[in-house]
1. How many Å² of accessible area per residue for segment A:257-346, probe 1.4 Å?
2. Just to check I understand the Karplus step: with θ = phi - 60° and J = 6.51 cos²θ - 1.76 cosθ + 1.60, what whole-Hz values come out for segment A:158-167, glycine and proline as x?
3. Which FRET efficiency, nearest 0.05, do residue B:202 and residue A:38 yield, Cβ-Cβ r, R0 41 Å?
4. Percent of alpha carbon pairs in segment A:24-130 separated by more than 17 Å?
5. Among the listed pairs B:41/B:120; A:6/A:52; A:305/B:335, which are separated by more than 31 Å between their Cα atoms?
6. Where the convex hull is taken over the Cα atoms of segment A:163-216, what is its projected area averaged over directions, in nm²?
7. In whole angstrom, note down how far apart the Cα centers of segment B:264-321 and segment B:191-205 are.
8. Kindly report the accessible area of segment A:118-191 per residue (heavy atoms of protein chains, probe 1.4 Å, no ligands, DNA or RNA), in Å².
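The values are calculated or read from the model by the stated rules, or taken from the named source; none is laboratory data. Note that the structure is a prediction, hence the values are computed from the model and not measured. Cβ coordinates were reconstructed from backbone atoms using ideal geometry, including for glycine residues, and neighbour counts include every protein chain displayed. Just so you know, the surface numbers come from the protein's heavy atoms only, side chains and all, with ligands and any DNA or RNA stripped out. Shrake-Rupley method; radii C 1.70, N 1.55, O 1.52, S 1.80 Å.
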There are 2 protein chains.
Amino acid sequence: MEAELKEMLNDLDSIKQSLPDPSNLASSILKLQSRVEHLTKLAKSAPVRRTKVQDMSAEVVDSNPYSRLMALQRMGIVDNYERIRELSVAIVGIGGVGSVAAEMLTRCGIGRLLLYDYDKVELANMNRLFFRPEQVGMTKTDAASQTLSDINPDVVLESFTMNITTVQGFETFMSSLRNKSFRPNKEGSGVDLVLSCVDNYEARMAVNQACNELNQTWMESGVSEDAVSGHIQLLIPGETACFACAPPLVVASGVDERTLKREGVCAASLPTTMGVVAGLLVQNTLKLLLHFGHVSPYLGYNSLKDFFPTMEMRPNPQCSNAACLERQKEYLLVKPARDAAIRAKMESEALSVPEGPLHDDNEWNIRLLDDIVVYMLMIYSVVDDTEPERTGATSSDALPEGLTRELPTADEFQKIPVTEPATTTFDDIEELRKQLDALNAD
Amino acid sequence: MEAELKEMLNDLDSIKQSLPDPSNLASSILKLQSRVEHLTKLAKSAPVRRTKVQDMSAEVVDSNPYSRLMALQRMGIVDNYERIRELSVAIVGIGGVGSVAAEMLTRCGIGRLLLYDYDKVELANMNRLFFRPEQVGMTKTDAASQTLSDINPDVVLESFTMNITTVQGFETFMSSLRNKSFRPNKEGSGVDLVLSCVDNYEARMAVNQACNELNQTWMESGVSEDAVSGHIQLLIPGETACFACAPPLVVASGVDERTLKREGVCAASLPTTMGVVAGLLVQNTLKLLLHFGHVSPYLGYNSLKDFFPTMEMRPNPQCSNAACLERQKEYLLVKPARDAAIRAKMESEALSVPEGPLHDDNEWNIRLLDDIVVYMLMIYSVVDDTEPERTGATSSDALPEGLTRELPTADEFQKIPVTEPATTTFDDIEELRKQLDALNAD
C-alpha cells in the first residue's frame, strides 16, 4: 500500500504543477495531500515482520528471540539446543491441539514443520487457542502458515491441505514424509517425528499405517469428548504397541472416540485441556529430540481430579497390521544387543554418578522390561483426601481411581468379556482387536 | 482508514466539478480515483472483527463461538456455563503464563478481565506463546488488550500499566479490585479471583497483602528458572497458608526465585512449560468458579519426569502478616459449623450416590483435615521404571522423587538447619520465616 500512496502523492504534485489557476482547487489538493501523508504514516507504522536470524545466539539482549531458549544450555538442561534447527516435525491435524503444538515448536525455533489438515477455520473454533476470528473461512493450513511465519520466519513451513485418509491423500502424506530435501543425509524418513493431533479413529489408523511402513517414531494425542481429559502416547514401530495392536483400552476418560464426529453431536472443548495436552505433547517431543529428561511412553490428564496416569504398551505379536509385525521382527533381532549395551551403560553410570540429575541417554527406560505381551499399568497412586497421610498403594485387581475403560462404551461392545482391569492379558486384547476389526469392516 | 478514503473520493469529485477545463487534469484525477477505489477494496478485505454476542447459545452451528463451551452442560460437566459472563478475574503479570491465561479465559467468554503489567513486549519474549513480533515495543497490557478484544469482543477488558509493588501502584491495585461497577450486588470485592502470574517475590508478596486485606481468594503460579518445572497454588485467606505464612519451602524445582531477575542473568523459558502451567491454572480457575471437579490446593509440574506433586498448606498461626492473622481468626469462628455441614452433606451423598461422578460442592476437600499446623505432603508416588510393577509406596522420611528444596539455595540461606523433609513442623517454618523476613528487611 505504501508504494501506491507514494504514487498518489506524485500524481497530486503533477496536478498542482499543471494547474493554470491554483486558488480554490489548490487548497483542496493541499488537504488531499496532507490526508495521503497521514495514510502513509499509518501504513508505515503497520506490522514489520522480524527478520530471519542466521545463527541462534545466547546473547542476553531484548532483541534476541532465542536468548531464553539458548539459556537451557547454560542451565544444564540441553546439551546442544541449536540442533533443533536441523529437525523436521510433521503435525497431522491443525485443530485445538495441533495448532498450539505447531505454535510452540515454531516459537522454539524448530527447523521445519509439515502441517496437514483439510478443514476451514470457523467461529466455532474460537474457544480454543491459536486461530483468530479474522481467519474464519481460511483453510486451517493457510491460516496457520500465516500466523506461524509472522511469529518466526526462521521456520521452514510446508502445508498440505488434504485428507490423509483418502487414497490420494495417503500417498501424498507418505511421499511428503519420505522427502529428504531439507536434510539429504538424514537417516530413515525425511522427518524426525510425526505428531498425530487428529480427532477421529480413521485418521489415527492412517498415521499408524504410514509410520509402521516408514519405521517412523510418532506421538499420538487426544482429548475426550467431554473436554476434561486427554492423553499423549509415544509409538515406536516394533518396540511399543502400535495403534492397531490394541484398541485404546484404558484411558483417562470413558469416551468412544468414534462418536466424536457423529452427525448433530457437538463435542465440548476447552482451551485449557487442549493447551495442557499440546504442552505435554511438545514437551515430550523436545525431550525426545533434544535428549533430556524422561520421555513418557503414555501420559494421561484427568483434569477433574488433576490426575496424570502413565502406562506402557508392548507390541502385540498378532497385530493385524503387517508392517507392525515386520517392525516387531526387526526389533527382536537387535533387542538383545541394545539391552546389553543399555544395561552396561546404566551400571557404569550407577557407579560413577550415584544420585546425579536425570540425563538419560536410555531414552525411554522401557527396554529392560520383559517381552511379555501384557499391557502393564505403571500408575501413580491417587491421593485420598479423607486420609491425612497415605503411601499410595494401588491394588492390582481394580482400575486405579481416575481411570475408566474407554471401550466398550458403544452398544456393540456390550458382549465383550470384562477382563482383569489393571493387567490385561494378550488373549483379551486379541479378542477385543478382532471385534474392533469386525466393527471397522462394516 | 475506510472513512478517510471515502472522504478522499468526495474531495476528488468536488475537484472535478470545480474544474474549468477537464482535459489532461481530468484523466489524472480519474487515475487517482481508480487508485483510491482500489485502496478502498483493499481496506474492505482487511480483518473484520467478530460482532458481540448477546447471549451464549448452545446451537451447534459453525458460526457460534460458544457452542463447544455450552456443550459442557450437555456433557454433564458444568451446570450453568453462562454464569461465566458475570465473573471477573484479575491477572497480575502478563508474561509467559499470564498472557496465555488471559487468552484462555477470553476464549472461554469470561465476563471481565483486569490485566496488570508495567513491562513492554520484546523479541526476547517470542519463545513463549501469545505476543507477536509486530507488538515489540508496545506495553504488554496494550498488546494484550488488542489481541484479546479481537479474539472475543464480549469480554470487558480493563488494563493497568503499572507496577503493583510501588506505593502508588499498590493503591491503584487495591481500588481496582474493590471496584464493583461491573456487578454492583456482588459480595466481597469486585473480582471473583486474582491470578498471580508474576516472576518475582516482591510482586507475589504485594498480591498476598492485597488479597489478605480484601479477604480475596487467589491463585499463585510460577515457573522455574531452568524452564522445566512449575506450579500452581490456591490461597484462601484464613483457610490455607498465605504467601507470608511460609516461604515456598518445597516445590518441584530447586530455584530461589529471587535470582530470576538478577542483573545479567538470563533465565531459560519454554512455551511448553508455561503453556501447561497456564492451562492448569485456568482449568483450576474454571473448576473453582463454575463448581465442577476437584480444585487443587497445590499442583506441581516436573516436566523432566512428568511428575505432578500435590500438597496442602494450612495457615501459620504466627504468620508475620497481620491481615492473614485476622482472616485466620474469622475462619476459626465459622469453621466448626462449616465442617459439620460438609460432613452431613458428604454422608448423605455417600448414601445416595455410592460411586457417582465427581461433582463435589465441597470445593477443596481439605476442610475435614485436622487443624494441626503441619505442612502435609500428599504426594503421588513416582513410577520406578526399572521395576515392572510397583505399588508406589512413598517413604515418609525422604523427599519424594522429583521434589527438591527450593530454599535454601542462595548463599544467605546456608545456615538454615535442614529439617525433616516431607513433613515440616511449625518450628522449622517459623525459623525460616524469620530469616526470610530479616533478608527482606535489607
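1. With all protein chains present, segment A:257-346 gives 34 Å² per residue.
2. Result, ordered by residue: 10, 10, 10, 8, 6, 9, 6, 8, 7, 4 Hz.
3. Working: r = 44 Å, r/R0 = 1.07.
That gives a FRET efficiency of 0.40.
4. Cα-Cα pairs in segment A:24-130 separated by more than 17 Å: 71 percent.
5. On the way: B:41/B:120 34 Å; A:6/A:52 28 Å; A:305/B:335 25 Å.
Correct reply: B:41/B:120.
6. Projected over every direction and averaged, the Cα hull of segment A:163-216 covers 3.6 nm².
7. 13 Å
8. Numbers: 3180 Å² over 74 residues.
It amounts to 43 Å² per residue over segment A:118-191.
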